[in-house]
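I have placed the structure first, in the form of structure tokens, so that the comments after it can refer back to it.
Laboratory data are not the source of any read-out in this text; all were calculated from the coordinates shown. Because the structure is predicted, anything quoted here is derived from the model rather than measured. Every residue, glycine among them, receives a Cβ derived from its backbone with ideal geometry; neighbour counts consider all protein chains shown.
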2 protein chains.
Amino acid sequence: MRSGHSLAFQQFEDVLSEINITSIKSDEPEIEKFLISCERHSDLTKIKSPFGMEWNAESDWEPDDPSEVSSGSCLILPIPEDEYSGKLLRSVGYAESEFAASNYQFLNDGTFVLTTSYEQSIAEERIWFVSENVRCRSSILKTSAGSGILQASFASEVRIIKK
Amino acid sequence: MRSGHSLAFQQFEDVLSEINITSIKSDEPEIEKFLISCERHSDLTKIKSPFGMEWNAESDWEPDDPSEVSSGSCLILPIPEDEYSGKLLRSVGYAESEFAASNYQFLNDGTFVLTTSYEQSIAEERIWFVSENVRCRSSILKTSAGSGILQASFASEVRIIKK
């Protein structure tokens, strides 16, 4: 369940989505191919626990056809710098649909904070677990100058483990 | 702007609310009166920066009269234990409408985390600033046993300073 808040217009968007996360082996050819495409081939040996993400979302902002599903997928490659921080490469970004390099850090209670500078905006995402199988995810979209907040969103996500 | 997620039923609640926060002097009689009523008079000298909070909320879960406003107010008394943690006394709790004593801590990025055990439930609230005048607030309601998540909610809040 995901809620978007458009602060300037005080508009809510309610979204139901399904996200599939699949771990990928480090030696899968698609990883090397992606790194070459974004000119980061030298990072190949530094990647740890890469994974793929797919999503299908139904938004109440699709008045013509509320059951219309928007979907997508991306490849996510973590590059740890130390135990608590590092970089994350994504084939598709959160705020803009292009390759994105983010910085991540873990706070002292385990909250994961991801900051991404896009061409037009800066995104700050946070993920924290509230129980074994429920996590919360918030994201804020700022203007590149950093002072204006364009959008806030929040998702509560229930993990379903497929065997 | 506040969104509630009822996880079991996948129901969204969208709320627009106005919150007024007013600092109160430590020697105001209402503070002592409240402490006596909850048998915590000995805490009187430990209180730092007490304040009052008032809210007026319009929810889309009021189909009969969407403009109906629910409102309330409470007194909030912080009792720091050290620079990063302490207790918070509230005359009205978040999850249950009764006196509540919470534990708070600040994470290493300044995020404020408040945990309250009520009779029937446990609430975890988080507040963090995303710019000078915009903050996010999330809250999770768990069963007292702690494993079931009843509700998640998220608010994006814009500060309006009244002079």
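Observations on the model:
- Proxy reagent accessibility, fewest Cβ within 10 Å first, across A:Ile160, B:Ile47, B:Ile24: A:Ile160, B:Ile24, B:Ile47
- In order through the stretch B:75-85: 3J(HN,Hα) via Karplus (6.51 cos²θ - 1.76 cosθ + 1.60), integer Hz, x for Gly, Pro: 9, 10, 10, x, 10, x, 9, 9, 5, 10, 8
- Distance between the stretch B:140-157 and the stretch A:80-130 - C-alpha centres, whole angstrom: 24 Å
- Sorted by Cβ density within 10 Å, fewest first, the residues B:Trp128, A:Trp61: A:Trp61, B:Trp128
- Amide H contacts of B:Gly148: B:Thr143, each under 5 Å away and 5 or more positions distant or on a separate chain (H built 1.01 Å from N in the peptide plane; Pro and chain starts excluded).
- Convex hull (Cα only) mean projected area of chain A, reported in nm² to one decimal: 11.2 nm²
- Compactness index (Cα Rg / 2.2 N^0.38 Å), the stretch A:67-163: 1.14
- All lysines inside 24 Å of A:Lys46 as judged from Cα atoms, apart from same-chain residues fewer than 8 positions distant: A:Lys25, A:Lys33, A:Lys87
- Fewest-first ranking of A:Leu77, B:Leu44, using other Cβ atoms within 10 Å as the exposure measure: B:Leu44, A:Leu77
- Result for chain B in a Gaussian network model with C-alpha springs under 10 Å: among B:Asp14, B:Asp109, B:Asp27, the largest mean-square fluctuation is at B:Asp109.
- Inter-copy separations for A:Ala57, label at 7 Å along Cα-Cβ, nm, ascending: 2.5
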